[in-house]
1. State which residue is farthest from the other protein chains (Cβ to nearest Cβ) when the search covers only region B:47-64 and only residues that are among the hydrophobic types (A, V, I, L, M, F, W, C) and either part of a strand (DSSP E or B) or within 30 Å of A:H235 (Cβ to Cβ) (or both).
2. Which pairs do you get when a residue that is farther than 26 Å from B:C95 by Cβ and within 13 Å of chain A (Cβ to nearest Cβ), found in region B:65-80, comes within reach of a residue that is β-branched (V, I, T) and in a strand (DSSP E or B), reach meaning Cβ atoms under 7 angstrom, with the pair 6+ apart or on two chains?
3. Can you find, within region B:190-200, the residue that is nearest to B:D238 (Cα to Cα) among those that are more than 14 Å from chain A (Cβ to nearest Cβ) and crowded, with 21+ Cβ neighbours inside 10 Å?
4. Report, by residue number, each residue of region B:157-175 that is away from chain A (no Cβ under 14 Å) and crowded, with 19+ Cβ neighbours inside 10 Å.
5. Consider A:G375 against the criteria (1) of a type outside the set (D, E); (2) in a strand (DSSP E or B); (3) crowded, with 23+ Cβ neighbours inside 10 Å; (4) in contact with a Phe, Trp or Tyr (Cβ under 7 Å, 6 or more places away or on another chain): it satisfies all of them except one. Which criterion is unmet?
6. Please list, ordered by first then second residue, the pairs with beta carbon atoms under 8 Å, 6 or more apart or interchain, first in region A:432-446 and closer than 24 Å to A:L112 by Cα, second not in a loop (DSSP other than H, G, I, E, B).
7. Can A:D240 be described as in a loop (DSSP other than H, G, I, E, B) and farther than 23 Å from A:P205 by Cβ?
8. Is one or more of the residues making up region A:83-91 in a strand (DSSP E or B), away from every other protein chain (no Cβ under 14 Å) and within 33 Å of the chain's Cα centre (by Cα)?
Amino acid sequence: MLHTAHAGRLITSCLLLVLTSSTRVAASPVLDTVGATETPTPYSAGVLATGSEAAYFNPALLVGAETTISAGFTFVRQDLSVGVAPRPMGVDVSEDIFDAREQLGGGTTRRLGWRPLPTSQLRAGRNSVEHGGTQVLMTVGGVVQAVPRVLALSMHAVLPVDQLQSQRPFYPDEREQYFSNSPGFELLGDRQRNPTIVMAAGWKPLSWLRVGGGLSFATKATASNEAYMPDTGQHDTVYDNAGVDVKVKMVPHFGVAVEPLPRLLVTGTLHLPYRNETGGGNVLQLWGYEYSDGETAVIQPLVTHSGVVPLRVGAGASYGGRLGTKGRWRVGTTASFGRWSSYRDRHGESPLDAWRDTLSGTLGGVIDHGAHRIGFDWRVVPSPVPDQIGRTNYVDNTRIGWAGGWSMAFELGGVRMRAGMQAQVQRLLPRSVSKSDDARHPVVDEFPDSVNGKTGAPIASSWGLQTNNPGYPGFWSSGWITTLGASLGVTL
Amino acid sequence: MSGAGCTFGGSDLYADKSQAVGADGGADSGSEATAGGDGSDNSLPDVSGTWAQRWVVGSIDTMPVIGDVQASTKSLMRVQVEQRGADLLMRVETCLVEVDSGTEIIQEVIPDAFVASLGISVRAVWLERQGSRYRFVQPRAYELRGVRLLDVAGEALPTSAQDPRVYDQDVDGRPGVTVRVTGLVDGEVWVAQRDSHEVEGEVVSLDRIEGRIRWLKEQAILGADNPLLESPLPSVPDPNPDRSTMVMVRTSEDMQCAGIVAQEAELFGEQGGGG
């Protein structure tokens with residue numbers, strides 16, 4: 001039979017979970033992919049965090065963490081593969097397109113609506129691609145119990161060592177023919193090469209209630225390339241002033257932890273949408289050019305987004321107990337709702353075929369025995385990307401991850417420390433798609449039936465479907481993400 | 001006509017049409033065309049027959065972004081000449097019109113339908129003795145394209161596709177005649193045009209006539225399928241008279257337009273069209 005106080009806590013816990021699940025969340029692409037790299041349970045940190053990683057995953061858990069500083073390094077290897085199906089005969093765009101006019105009824109013609117390059121003139125070949133490589137992440141964190149057992153402050157940072165920030169936009173459709181001419185992983189790759197800096201505070205207003213809030217740093221850049229071209233016939237003569245302004249913006253997140261029953265912890269998290277933005281564009285002046293009314297230059301706007309993570313709501317629960325006289329155990333599970341249906345891609349565009357909201361889950365556990373701590377963790381992260389049977393080629397796979405870790409507490413020179421190691425393997429489940437004429441937004445015929453603009457003769461090479469869409473007629477993807485890390489914490 | 005006593009360079013002017021340039025070509029200058037010593041009219045050279053004619057008119061076009069460029073328009077024509085004394089009646093069939101825009105960035109293309117719509121025009125020309133040579137004089141003539149005007153020379157060109165004087169001359173479903181633009185900017189421009197030109201040349205030989213062209217061209221834009229092409233591009237004749245030239249070479253009677261286009265280099269002896 002529950003005590004009245006316990007019943008009240010339980011009700012409060014449920015209300016908090018309902019409240020948080022009706023709101024939105026956000027995140028860091030690095031931490032969402034590899035989790036808390038300095039703990040044995042990287043995926044279930046929203047309910048099992050014991051250190052500065054709680055600043056990001058659930059700041060409510062900061063109250064209860066020891067006053068520590070910690071640092072660690074993690075090697076992250078991404079082995080990502082995208083294979084493309086061979087193109088059938090007759091779909092190449094021929095060089096006739098430069099003389100073509102689209103044929104309309106009644107013998108009239110019009111300018112081509114699509115401007116593909118002849119397939120033979122594309123700068124990059126269309127190939128199956130291996131993405132990835134190894135990167136090193138440095139993790140630095142600290143927790144301070146400002147008011148012991150009541151108020152805790154924390155900072156947590158994950159910094160790519162080799163390349164502080166990377167941003168590689170690409171188009172998900174036929175427009176990518178002008179650039180890489182291959183499909184690319186939308187939610188991996190360069191997204192892991194972005195620094196994450198989080199500051200957070202946790203407060204324990206009641207003996208059974210902890211709340212917390214934090215801020216993640218994101219960037220908002222404005223890139224402006226002012227150029228003057230004195231002679232369009234001399235392309236190599238351009239006077240330009242390129243400038244970049246980078247502002248920092250704060251993206252908040254919140255957490256709550258309730259202990260409705262002894263040994264039982266119920267948590268909720270809320271992360272607002274996160275993204276790094278780059279705006280601005282080219283301001284191009286051309287000698288002798290008549291600009292639009294009121295304009296003194298040709299303005300070519302630029303919008304790119306990187307590291308986009310949508311609103312998310314998480315809920316979790318853990319339960320623990322004693323293990324003999326020297327040990328303790330705790331298992332936890334979390335579920336996270338991701339509002340990927342609101343996703344905007346690297347060019348700030350909403351996918352033509354809307355993405356799905358997802359519900360991902362984790363299951364982890366940790367055992368403390370003496371100075372040793374071991375943990376395991378498991379996760380499943382469904383892909384929000386629907387089968388790309390139409391015009392777009394967003395590459396993404398459902399991931400299943402396994403992680404394990406060990407750490408040991410010790411004293412050195414009278415200072416309490418904890419050193420640990422962690423490893424994880426995430427499998428991107430193989431996936432393949434074939435383009436379909438029945439798609440809601442099918443692959444476009446970039447070279448519609450046309451005639452030669454000079455002679456009026458039909459262009460046979462325009463008959464049927466011609467496209468340089470890199471994903472046509474299909475592609476497949478799979479991969480592995482593996483990590484190995486070590487960390488050291490000092491208890492102050 | 002009788003050829004008695006009428007010779008160019010000692011040969012019989014009227015009997016020697018066998019020197020027409022055939023398919024194996026070569027602009028053989030043949031006999032030099034000079035007046036006989038007695039100065040009588042019956043010393044006129046006989047230029048009747050079938051000719052290939054090449055016009056190259058040079059212009060200075062002001063292109064957006066690029067500025068002034070030296071452009072040229074080359075026309076190849078098949079001409080049948082009837083001669084009555086010094087008066088010539090030329091039936092001109094246009095075989096090809098090519099524009100060298102003077103820049104790779106923007107090129108103007110004259111569609112075949114445009115060329116085909118030009119049909120056969122008739123031009124009155126005369127020969128005029130000047131010393132020992134004969135001038136080839138084609139007085140100013142006007143040509144309208146895509147528009148019908150009562151006052152061919154003086155009436156302003158219409159500027160609206162809805163103007164009843166505008167008609168679809170090249171039968172492509174667009175008003176006026178269609179000119180195509182490719183390159184940095186591409187699209188179709190629908191225009192009404194008025195050309196006027198006069199030619200003054202010389203009968204170089206029985207098989208070759210050369211001259212210079214004085215010309216003016218007016219063009220009204222009736223529409224375009226690219227807004228950037230809706231503004232008229234200023235174009236004036238190149239003041240260098242050597243860039244606007246006419247050459248006629250005699251051909252065999254059975255040489256048609258396709259042959260003239262295919263054998264341009266052989267017929268005229270040098271590359272044309274570049275201004």
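The values are calculated or read from the model by the stated rules, or taken from the named source; none is laboratory data. As the structure is a computational prediction, the values presented were derived from the model and not from experiment. Heads up, the Cβs are rebuilt from the backbone with ideal geometry, glycines too, and the neighbour counts pull from every protein chain shown.
1. B:W51
2. Filtered contacts from region B:65-80: B:D68/B:I60; B:D68/B:T62.
3. At the first step, the residues of region B:190-200 found to be more than 14 Å from chain A (Cβ to nearest Cβ) are B:191-200.
Going one step further and asking which of them are crowded, with 21+ Cβ neighbours inside 10 Å, we end up with B:191-192, B:194, B:197, B:199.
Working: B:V191: 22, B:A192: 22, B:R194: 18, B:H197: 14, B:V199: 15 Å.
Filtering first and then ranking leaves B:H197.
4. B:L157, B:P158, B:V166, B:Q169
5. It is condition (4) that A:G375 fails.
6. Listed by first residue and then by second, the contacts come to A:K435/A:G474; A:V443/A:E174; A:V444/A:E174; A:E446/A:E174.
7. Details: in a loop (DSSP other than H, G, I, E, B): no; farther than 23 Å from A:P205 by Cβ: yes.
For A:D240, the condition - in a loop (DSSP other than H, G, I, E, B) and farther than 23 Å from A:P205 by Cβ - is not met.
8. Taking region A:83-91 first, the residues in a strand (DSSP E or B) are A:83-84.
Of the ones still in play, those that are also away from every other protein chain (no Cβ under 14 Å) are A:83-84.
Still in the running and within 33 Å of the chain's Cα centre (by Cα): A:83-84.
So far as region A:83-91 goes, yes, one or more of its residues are in a strand (DSSP E or B), away from every other protein chain (no Cβ under 14 Å) and within 33 Å of the chain's Cα centre (by Cα).
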